[in-house]
Amino acid sequence: MNSEYEKTQLAAESVNAIEGIMGAFPGYRRAHAKGVSYKAVFTPNGQASSLTTAPHLQTAQIPAIVRFSNVAPDPTLSDALSPAKGLAVQFQLPNGEITNIVATTVPFFISKTPESFVSFLKALRSGKNGRPNLRALVKWLTKYPESCSVFRIWKELKPPLSFAQGRYHSIHAFYFVNQEGHRQAVKYILEPEAGEAAMSNLEAAGKPEDYFEQELENRLASDMVHFRLKVQLGKETDPTDDPTKEWPKERRVLMIGRLSIQKERAAGEELLFDPTVLPEGIKCSEDQILQFRRFAYEESYRRRSRNS
Ligand code: HEM
């Protein structure tokens, strides 16, 4: 799958397959449908300057918009039924450009290629009465053995105690490029200053429907919420094309800035947080899922913009 045309076709197929699972909700994102956005400021600390020429990662403070979300495509689903959470950040660069980091509380993805992800989505609904088709799922796992990471998600996934206490991962690798043209592979982590904490799915089930949004609103009423932006530095041997694989925990991690979220709401629902919109000094890795996301997000954006 190489051409733009093929990617656009598969993107429509992927969004159709997502709609096939829970339905289509006019006007909403086809994934991470329920979200809440705030204004923020980002203060880089200069630690990334020797690794990248990216304007927002030097020393000047800039405005940003953040959107916290539940992963589910159904915006009416209770927060508890959507244990994985998202944090999308749009940095507003001094020259008028934007760039995004789009991250989730799960540190890995279940597919290495868009084709694998689409066939997984289809298998989820191809059984009797729209139930998961076990035979198709086994066939899928046999064809894409790297996707056994899916078992870890089902086993380990717990909701954070608060949107402000989740640890969010870019999952994909990116390349930082410095003034001399040297390339360093990195993965982003947004680490909560309030401390990482989770609750059990049972505890989450006892919370009110809009618990996460309300809890954040209450927290922000008394103080800003901060995240440390960190990068994990990859070594030559670490895969940059496989989002199903985490890098070894012992890799060096560098704190490169602080994201401070304010209590003022932002109009984030109309935005498109595309993780491949990058300024000079940052490049996409070879990861096929990362490169495909632009096409899937544009398709979802087109559908929600025309209120279908
Ligand atoms: C082939 C793989 C993927 C597909 C087809 C897909 C699909 C989608 C779609 C359709 C949207 C809604 C876009 C919009 O209308 O603006 C979305 C949003 C989102 N996705 Fe993915 N996604 C994929 C991979 C990932 C991965 C690997 C991550 C992990 C970082 C991720 C995290 C998110 C987040 C956080 C949002 C919400 C962004 C926002 O707040 O606007 N997705 N995804």
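Only the coordinates and a few stated rules stand behind these numbers; no lab work does. Only a predicted model underlies this, so the values are computations on that prediction, with no experimental measurement involved. Because the Cβ atoms are built from the backbone with ideal geometry, glycine has one as well, and the counts that use them run over all protein chains shown.
Only four residue types carry charge here, +1 at the Cβ of Lys and Arg and -1 at the Cβ of Asp and Glu. Report the dipole size of the chain about the Cα centre in Debye, rounded to the nearest 20. Numbers along the way, then the final one.
On the way: 40 positive and 36 negative charges, 143 e Å.
With Lys and Arg at +1 and Asp and Glu at -1, about 680 debye.
Couplings 3J(HN,Hα) for the stretch 184-195, derived from phi with the Karplus relation 6.51 cos²θ - 1.76 cosθ + 1.60 (θ = phi - 60°), are 10, 6, 9, 10, 8, 9, 10, 9, x, 5, 6, x Hz, where x marks Gly and Pro. In terms of modelled amide H atoms, which long-range or inter-chain residues lie less than 5 Å from the amide H of residue 285? Long-range HN contacts for residue 285: 175. The helix-based estimate of mean residue ellipticity at 222 nm for the chain, built from -39,500 (n - 2.57) per DSSP H run of four or more residues and divided by its residue count, is -8000 deg cm²/dmol to the nearest 500.
Go through 174, 212, 194 and say which Cα lies farthest out towards the positive end of the charge dipole of the stretch 167-212; charges sit on Cβ, +1 for Lys and Arg, -1 for Asp and Glu. Farthest towards the positive end: 174.
Comparing 136, 9, 54 along the charge dipole axis of the chain, the residue lying farthest to the positive side is 136, per the Cβ-charge model. Between the amide H of residue 103 and those of 87, 88, 89, distances stay under 5 Å, these residues lying 5 or more places away or on another chain, with hydrogens modeled in the peptide plane. When the charge dipole of the stretch 252-293 is built from unit charges on Cβ atoms (+1 for Lys and Arg, -1 for Asp and Glu) and taken about the Cα centre, the candidate among 284, 259, 273 whose Cα reaches farthest toward its positive end is 259. Phi angles across the stretch 70-83 convert, under the Karplus curve 6.51 cos²θ - 1.76 cosθ + 1.60 with θ = phi - 60°, into 3J(HN,Hα) values of 8, 5, 4, x, 9, x, 9, 5, 4, 3, 5, 7, 10, x Hz, Gly and Pro given as x. In order along the stretch 131-139, the Karplus-derived 3J(HN,Hα) couplings, from 6.51 cos²θ - 1.76 cosθ + 1.60 at θ = phi - 60°, round to 7, x, 9, 4, 4, 5, 5, 5, 4 Hz, and Gly and Pro are given as x.
Take the Cβ atoms of residue 81 and residue 223, set R0 to 30 Å, and the FRET efficiency comes out at 0.55.
Would you work out if the stretch 164-270 is rounded, prolate or oblate? Take a ≥ b ≥ c from the square roots of the eigenvalues of the alpha-carbon gyration tensor; rounded if a/c is under 1.5, else prolate when a/b is larger than b/c, oblate otherwise. Prolate, since a/c reaches 1.5 and a/b exceeds b/c.
Cross-linked pairs 158/187; 112/207; 158/230; 112/230; 85/128; 245/283: Cα-Cα separations exceed 27 Å for 112/207; 85/128.
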